[in-house]
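Note sheet for the following structure.
The values are calculated or read from the model by the stated rules, or taken from the named source; none is laboratory data. Everything numeric here is computed off the predicted structure, so don't read it as measured data. Here the Cβ positions follow ideal geometry from the backbone for every residue, glycine too, while neighbour counts run over all protein chains shown. Heavy atoms of the whole protein, side chains included, go into the accessibility calculation; ligands, DNA and RNA do not. Shrake-Rupley method; radii C 1.70, N 1.55, O 1.52, S 1.80 Å.
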Amino acid sequence: MLRGKCWVIDGDTIVIDNIRLRLAGIDAPELDHPWGQRSKWALVQLCKGQTITARIRPELSYDRVVAECFLPDGRDLAAELVSAGLALDWPKFSGGKYQHLEPPDARRRLWRAEARQRGRMPPNSRSMPE
């Protein structure tokens, strides 16, 4: 268990005590993809001034520690981002834990994250509006 103030890297990565943590079970758009900046800033607003509790998971993701992260009131950061339509449930890693929280248009809007989950990351194209 890790607890402290965090620094937000992007919509699914934070840092607590110099440890880079990937939010377990979700996939947020990269910063240079449509909705990436919005996802990051939504997470910044959620975490601002808060003490975050991270429950470390055994797996690693791209050399990042994976954790379930919670606000002091018990809200799950991953669930908050998915329900806001700014991240997608990643069933391969979540077992579908957050799928019921996805807004109906989330997978269409966050099409790059959807493609990454299916192993079909399209070429770098900015043709979809944010």
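Below are the figures for this structure:
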read-out: Residue list for the range 12-71, restricted to those being open to solvent by less than 60 Å² (accessible area, probe 1.4 Å), assigned to a loop (DSSP other than H, G, I, E, B), out of contact with any helix residue (DSSP H, G or I) (no Cβ under 6 Å at 6 or more places or on another chain) and at pLDDT below 95; value: 34, 35
read-out: Residue within the range 77-96 that is assigned to a strand (DSSP E or B) and either at pLDDT below 95 or surrounded by fewer than 22 Cβ atoms within 10 Å (Cβ to Cβ) (or both) present; value: no
read-out: Single match in 60, 81 (criterion: more than 22 Å from residue 32 (Cα to Cα) and among the aliphatic types (A, V, I, L, M)); value: 60
read-out: Any hit, the range 20-35, residues being among the hydrophobic types (A, V, I, L, M, F, W, C), out of contact with any Ser or Thr (no Cβ under 8 Å at 6 or more places or on another chain) and farther than 24 Å from residue 106 by Cβ; value: no
read-out: Filter result (of a type in the set (A, V, I, L, M) and over 17 Å from residue 112 (Cβ atoms)) within the range 8-41; value: 8, 9, 14, 15, 16, 19, 21, 23, 24
read-out: Candidate set: the range 1-11, residues that are in a strand (DSSP E or B) and of a type in the set (D, E, K, R); chosen: the one surrounded by the most Cβ atoms within 10 Å (Cβ to Cβ); value: 10
